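J.: There's a structure below that I have some questions on.
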Amino acid sequence: MLYVSTRGHADRKHFCEILLEGLAPDGGLYLPERYPQVDGATLEKWRTLPYHALAFEILSLYIDDIPADDLKAICAKTYTQEVFGTPQIVPLKKLEDGLVLEALSNGPTLAFKDMAMQLLGNLFEYELGRRGEELNILGATSGDTGSAAEYAMRGKKGVRVFMTSPHGRMSPFQQAQMFSLQDANIHNLAVEGVFDDCQDIVKAVSNDLAFKRKYRIGTVNSINWARLVAQVVYYFAGYFQATKGNAQKVSFTVPSGNFGNICAGHVARMMGLPVAKLVLATNENDVLDEFFRTGVYRVRSSADTHETSSPSMDISKASNFERFVFDLLGRDGARVKQLFGEQLSATGRFDLSAEPAFQTAAATYGFASGKSTHADRLETIRDTWKRFGVMVDTHTADGLKVARSHLQPGVPMVVLETALPIKFAATIVEALGREPERPAQFEGIEQLPKRVTVLAPDVAAVQAFIAAHCP
Ligand SMILES: *Cc1c(COP(=O)(O)O)cnc(C)c1O
């Protein structure tokens, strides 16, 4: 399998070549040159596999430069009951007839990002070991991504993590999760500023090419194809649990920000998984809902990006969305380059409403969308607790709210649970007047010693820190 850029660059690359890279050389995102097709007989064979074996089957369709036995071992070591809490790894929780949650957040940091990041950690260690190289991962986080990356990379050979976060602005639980890690290869940098300052610093360091090369700076952001393909697996696993046979269809609703999670659903559907609808749920930051309703993609300024109670979906533009547009426009790289590389940076928007492919997108690709607000979130958390005794987090609540407008008789609706409520306790207390349940391993986490360095919002200070911590 070879990978192409969404902006039409002539290069064709193998999986391990793009594993440690971010963007393609032309600024595009990597996608496989075709989607492998999965027929009924294959689905039947996969239906009864344990999660790690299913992961191996799917990943091996996309990875041809890791020997099968090695890839099998990586999957087996990643998706274990010890790490993800249950033998199914992503068990379904029934709410009522035709409506279930798929639990993706029982990994080490209690958010779905662990599903992909845990695999990425093992793939990085494997590939860096094979090449005899090292990598320094520099990132910016306001919560979920940073902790998932740190828990995936802790103790891994050849990898160091330098994670910037806005000083004092993450929830106490999120701070405790990250700062209590004592591993020598994990470095927490609390920047005296806001999240945008952290992101600007990461960009500036990455644009300093001499520094980047000397210190082998890399990233683990959500445009990484390996993260995306790892997420494809749980769409299959959810489908198998929700159905008895392959004649049945299911729909998925996905709380969305950067379009990473739901893009994996799109890939699964393109491979032939019998998915009726892919319902995209946003919070007040409704860039993507607006696109699927109107055909207009309009990125927001930071002043126009709301701080909400489902903060992991507070985005101004959706970094993975270019992948879907590439497919929508018949994989016309020149067109995507014009839209994302030129028009979007010049005008902040583009309009596909007159495009025949957009007008038939719902039928062809199954996409539907909706939006949820703070009031919807509180109401959904209350209602789900009262009627089913199930506590959902704020992002999952956005998904549930939107899912209810897209139910179809005879088609099970699977809502992806993207985090546990304990990560967003303040809103749970607002909705229910009580604290969320806390998994036993996180008891007393706020009292553990913290390992964090506070730095000024200054590129040179971050560079000096990295230099001082690389032998
Ligand atoms: C990251 C995240 C999302 C958004 O996922 P995308 O892949 O960016 O669309 C939703 N919910 C939670 C809890 C998250 O951490």
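J.: Sequence-distant or interchain residues sharing an amide H contact under 5 Å with F367, placed H: which?
T.: It is L278, by chain and number.
J.: By the scheme Lys and Arg +1, Asp and Glu -1, what is the net charge of all other residues having a beta-carbon under 12 Å from that of Q463?
T.: On the way: positive: K212, K214; negative: D208, D458.
Net of charged neighbours comes to 0.
J.: Would you kindly work out the equivalent ellipsoid of the stretch 192-330 from its C-alpha gyration tensor and give its semi-axes, the square roots of five times the eigenvalues, largest first in whole Å?
T.: Working: eigenvalues 194, 78, 38 Å².
Equivalent-ellipsoid dimensions as semi-axes: 31, 20, 14 Å.
J.: If you don't mind, another one. At each listed q (0.26, 0.28 Å⁻¹), what is the log10 of I(q)/I(0) that the Debye formula gives for the stretch 130-198 modelled as equal alpha-carbon point scatterers?
T.: So the normalised log intensities are -1.14, -1.28.
J.: Also: Return the FRET efficiency for the residue pair H469, A303: r is the Cβ-Cβ distance, R0 is 30 Å, and the value is rounded to the nearest 0.05. Working shown, then result.
T.: Values: r = 35 Å, r/R0 = 1.18.
Calculated value: 0.25.
J.: So if R0 is 30 Å, what FRET efficiency would D458 and K214 give, r being the distance between their Cβ atoms, rounded to the nearest 0.05?
T.: That gives a FRET efficiency of 0.95.
J.: Moving on. Give a quick list of trypsin sites (Lys or Arg not before Pro) in the stretch 136-183 that DSSP marks as loop, anything other than H, G, I, E or B, with at most 14 other Cβ atoms within 10 Å.
T.: Values: sites: R154, K156, K157, R160, R169; in loops: R154, K156, K157, R169.
The qualifying sites are K157.
J.: Non-local amide H neighbours of R7 (under 5 Å, H modeled in plane, Pro and chain starts lacking H): which ones?
T.: Here G28, L29 satisfy the definition.
J.: Further, regarding this structure: When ligands, DNA and RNA are left out and all protein chains stay put, how many square angstrom of accessible area per residue does the chain have with a 1.4 Å probe?
T.: Numbers: 18000 Å² over 471 residues.
For the chain, the per-residue accessible area is 38 Å².
J.: Could you work out how much longer the chain between I445 and R349 gets when fully extended? Use 0.36 nm per residue separation minus the Cα distance between them, nm to one decimal. Walk me through the numbers on the way to the answer.
T.: Working: separation 96, 0.36 × 96 = 34.56 nm, distance 4.38 nm.
Going from the current span to full extension adds 30.2 nm.
J.: Going 7 Å from the Cα of D69 along its beta-carbon direction, which residues of the stretch 112-147 have the amide nitrogen within less than 12 Å of the resulting point?
T.: none
J.: Could you derive backbone 3J(HN,Hα) for the stretch 108-113 from the dihedral phi with the Karplus parameters 6.51, -1.76 and 1.60 (θ = phi - 60°), listing whole Hz in sequence and x where the residue is Gly or Pro?
T.: For the stretch 108-113, the Karplus-derived couplings read x, 10, 6, 9, 5, 4 Hz, x marking Gly and Pro.
J.: While we're here: GluC sites (Glu not before Pro) within the stretch 254-363: which are DSSP loop residues with at most 16 other Cβ atoms inside 10 Å? Each step should come with its number before you reach the end.
T.: Numbers: sites: E284, E290, E307, E322, E342; in loops: E284, E307.
Sparse-neighbourhood loop GluC sites (Glu not before Pro): E307.
J.: Name the trypsin sites (Lys or Arg not before Pro) in the stretch 325-404 that are in a loop by DSSP and that have at most 15 other C-beta atoms within 10 Å, would you? Don't skip to the answer; put the middle values down first.
T.: Numbers: sites: R331, R335, K337, R349, K371, R377, R382, K386, R387, K401, R404; in loops: R331.
Hits after loop and neighbour filter: R331.
J.: When Lys and Arg each count +1 and Asp and Glu each count -1, what net charge do the other residues less than 12 Å away from N185, Cβ to Cβ, add up to? Before the final figure, lay out each step's value.
T.: Values: positive: R154, K156, K157, R160, R451; negative: E125, E134, E150, D183.
Around N185, the surrounding residues sum to +1.
J.: Residue by residue through the stretch 23-35, what is 3J(HN,Hα) from phi via Karplus (6.51 cos²θ - 1.76 cosθ + 1.60, θ = phi - 60°)? Round to whole Hz and write x for glycine and proline.
T.: Couplings: 6, 5, x, 8, x, x, 10, 7, 9, x, 5, 8, 9 Hz.
J.: I'd like the Karplus ³J(HN,Hα) series for the stretch 219-225: coefficients 6.51, -1.76, 1.60, θ = phi - 60°, whole numbers in Hz, and an x wherever there's a Gly or Pro.
T.: Couplings: 9, 10, 6, 6, 7, 4, 4 Hz.
J.: For the chain, which whole percent of the accessible surface, found with a 1.4 angstrom probe, sits on carbon and sulfur atoms? Write down the numbers at each step before the final one.
T.: Values: 9230 of 18000 Å².
Roughly 51 percent, rounded to a whole number.
The values are calculated or read from the model by the stated rules, or taken from the named source; none is laboratory data. Bear in mind that the values here come from a model prediction, so they are computed numbers and not experimental data. Cβ atoms come from the backbone with ideal geometry, glycine included; neighbour counts cover every protein chain shown. These accessible areas exclude ligands, DNA and RNA; they are computed on the full protein's heavy atoms, side chains included. Shrake-Rupley method; radii C 1.70, N 1.55, O 1.52, S 1.80 Å.
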